[in-house]
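**Q** Encoded as structure tokens, here's the structure I'll be asking about.
Please treat every number below as a calculation from the coordinates, not as lab data. Predicted model only: the values in this text are computed from it and were never measured. Glycine also receives a Cβ, built like all others from the backbone with ideal geometry; neighbour counts cover every protein chain displayed.
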Amino acid sequence: MARYLAKNLVASGLASRCTVKLSYAIGKADPTSVFLDFHGTGRVDEDEVLEFVKGMINLTPAGIIKTLDLCRPIYSPTAAYGHFGRNLPAFTWEKTDLVSDLRNRFGL
């Protein structure tokens, strides 16, 4: 989910570099921490973007499963050649489908 968010933030033009960190605790659905860093390349305020993203995306495990459609048999394609940086339809974490929403919200 962190990769999905970071890719969308960069693709929307909000920053040219982005790090997203999510941390969870056993027994808690909501993340214990959500961190966003544009590494000085942001065109808008990081805190404002972070609050928007937290309200826009369900970051619970169930929300991640639903957003990325992870209840599919996708294990074979991910077992060979890695599962990052490949723009295959099954790799939903590589999509940049939030770009228009982010651009509209932040006026880009």
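**Q** Pick out, from the stretch 1-76, the helices (runs of 4 or more DSSP H) lying fully within it that include 2 or more residues that are closer than 18 Å to ARG103 by Cα.
**A** Passing ranges, in order: 2-11, 46-56.
**Q** Oh, and also: Give the stretch 6-48 a look and list any residue that's in contact (Cβ under 8 Å) with a residue 60 or more places away in the chain and touching a strand residue (DSSP E or B) at 6+ places or on another chain (Cβ under 8 Å), or say none.
**A** Across the stretch 6-48, the qualifying residue is only LEU9.
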